[in-house]
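Peer 1: Take a look at the following structure, please.
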Amino acid sequence: MTPQGVATALAGFPHRPPHGAPGSVLSLTQATECGTVYSADELKALCDFAHAADLKVHMDGARFANAAASTGASPAALSWRAGVDVLCFGGTKNGCLAAEAVIFFDKEAAKDFEFRRKRAGHLWSKMRFIAAQFDAYLDDDLWLKLAGCANAMATQLSSGLAAVSGVEISYPTEINQVFACFPDGVADRLKDQGAAFFPWVTPGDPANGKMHRMVTSFKTTPQEVDAFVKAVADAARS
């Protein structure tokens with residue numbers, strides 16, 4: 001997403017009150033759904049544009065830890081210093097169990113949040129036991145260490161797959177997700193062997209159904225990555 005792209009999208013809103021709702025929030029995903037990461041400068045440019053257009057900025061940070069580990073930038077540089085108003089700081093995709101924290105940098109926006117959380121069905125009984133995970137998650141930068149391990153395994157996986165004849169890496173590998181297109185029949189042969197990964201169809205499907213997403217985690221080992229790459233190479237030769 002770029003400021004120019006946001007401007008184009010805003011221009012398409014029907015400004016005909018009360019028949020057309022105006023834009024009110026710019027929602028960013030960090031890291032993105034393509035496994036890429038916004039730099040601090042890119043975020044600031046987007047936030048500056050959004051605020052000038054009277055939009056608040058929300059960041060979906062389900063993989064915020066992976067983005068921070070990838071860039072080496074501080075969490076502050078990738079959030080409030082860039083102009084983000086609200087960050088959904090994810091833990092579930094980095095080792096926690098159903099634990100997400102919503103951080104309001106604009107405190108005025110938080111005034112009705114407890115009510116909205118209850119109304120949306122996100123106030124669990126004994127929720128303090130879920131929230132307590134963040135004590136360990138944040139201690140001694142564990143969250144960054146877990147994300148760094150996952151990112152490193154994705155880098156190894158991406159490099160290995162790129163060396164296999166016929167395999168194309170679809171997007172730069174910047175976090176713990178690898179998007180690749182396999183030669184015909186390879187995905188089916190891998191799944192027959194027990195491999196688990198996901199077909200990834202994007203709007204317009206430029207990959208003609210051949211793109212797949214592979215996700216590594218903090219517990220993925222180099223040996224598992226090597227074994228998968230070997231399985232892909234063997235399947236591609238079959």
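The values are calculated or read from the model by the stated rules, or taken from the named source; none is laboratory data. Note that the structure is predicted; figures quoted are calculated from it, not measured. Here the Cβ positions follow ideal geometry from the backbone for every residue, glycine too, while neighbour counts run over all protein chains shown.
Peer 1: Across segment 169-199, what is the total count of residues that are closer than 14 Å to His212 by Cβ, in a loop (DSSP other than H, G, I, E, B) and more than 17 Å from the chain's Cα centre (by Cα)?
Peer 2: Looking only at that region, the number is 6.
Peer 1: Which condition number does Ala154 fail, the rest of (1) assigned to a helix (DSSP H, G or I); (2) in contact (Cβ under 8 Å) with a residue 40 or more places away in the chain; (3) over 19 Å from the mean Cα position of the chain (by Cα) being met?
Peer 2: (3)
Peer 1: Kindly provide the set of residues from segment 48-74 that are without any contact (Cβ under 8 Å) to a residue 40 or more places away in the chain and either outside the structural domain of Glu108 (by TED's automatic domain parsing) or under 15 Å from the mean Cα position of the chain (by Cα) (or both), ordered by number.
Peer 2: His58, Met59, Asp60, Gly61, Ala62, Phe64, Thr71
Peer 1: Would you mind telling me which numbered condition in (1) acidic (Asp, Glu); (2) within 27 Å of Asn94 (Cα to Cα); (3) in contact (Cβ under 8 Å) with a residue 24 or more places away in the chain Glu33 fails?
Peer 2: Against the list (1) acidic (Asp, Glu); (2) within 27 Å of Asn94 (Cα to Cα); (3) in contact (Cβ under 8 Å) with a residue 24 or more places away in the chain, Glu33 comes up short only on (3).
Peer 1: Here's another thing I want to ask about it. So which residues in segment 200-238 are closer than 21 Å to Met153 by Cβ and either β-branched (Val, Ile, Thr) or assigned to a loop (DSSP other than H, G, I, E, B) (or both)?
Peer 2: Once the filter is applied, which keeps residues that are closer than 21 Å to Met153 by Cβ and either β-branched (Val, Ile, Thr) or assigned to a loop (DSSP other than H, G, I, E, B) (or both), segment 200-238 yields Trp200, Val215, Thr216, Ser217, Phe218, Lys219, Thr220, Thr221, Val225, Val229, Val232.
Peer 1: Is it the case, given these coordinates, that Phe115 is assigned to a helix (DSSP H, G or I), among the aromatic types (Phe, Trp, Tyr) and exposed (fewer than 11 other Cβ atoms within 10 Å of the Cβ)?
Peer 2: Considered against the rule, which asks whether it is assigned to a helix (DSSP H, G or I), among the aromatic types (Phe, Trp, Tyr) and exposed (fewer than 11 other Cβ atoms within 10 Å of the Cβ), Phe115 comes out as yes.
Peer 1: Looking only at residues that are part of a loop (DSSP other than H, G, I, E, B) and aromatic (Phe, Trp, Tyr) in segment 1-52, which one is nearest to Ala68 (Cα to Cα)?
Peer 2: Tyr38
Peer 1: Tally time: how many residues in segment 43-53 are touching a Ser or Thr at 6+ places or on another chain (Cβ under 8 Å) and not hydrophobic (A, V, I, L, M, F, W, C)?
Peer 2: Total satisfying the criteria: 0.
Peer 1: Turning to a different aspect of this structure: Give all pairs with beta carbons closer than 7 Å in which a residue from segment 179-199 that is touching a residue at least 24 places away in the same chain (Cβ under 8 Å) and under 17 Å from Leu157 (Cβ atoms) meets a residue that is in a loop (DSSP other than H, G, I, E, B) and among the polar types (S, T, N, Q); count only pairs at least 6 apart in sequence or on separate chains.
Peer 2: Pairs found: Phe179/Ser170; Ala180/Ser170; Cys181/Ser170.
Peer 1: Looking at Ser159, Ser165, which one is among the polar types (S, T, N, Q), at pLDDT 95 or above and surrounded by fewer than 20 Cβ atoms within 10 Å (Cβ to Cβ)?
Peer 2: Ser159
Peer 1: Here is a follow-up. Please find, among Ser24, Ser39, Ser74, the residue that is hydroxyl-bearing (Ser, Thr, Tyr), exposed (fewer than 15 other Cβ atoms within 10 Å of the Cβ) and at pLDDT below 95.
Peer 2: Ser24
Peer 1: Name the residue that is farthest from Gly23 (Cα to Cα), counting only residues in segment 53-77 that are part of a loop (DSSP other than H, G, I, E, B) and of a type in the set (Gly, Ala, Ser).
Peer 2: That would be Gly72.
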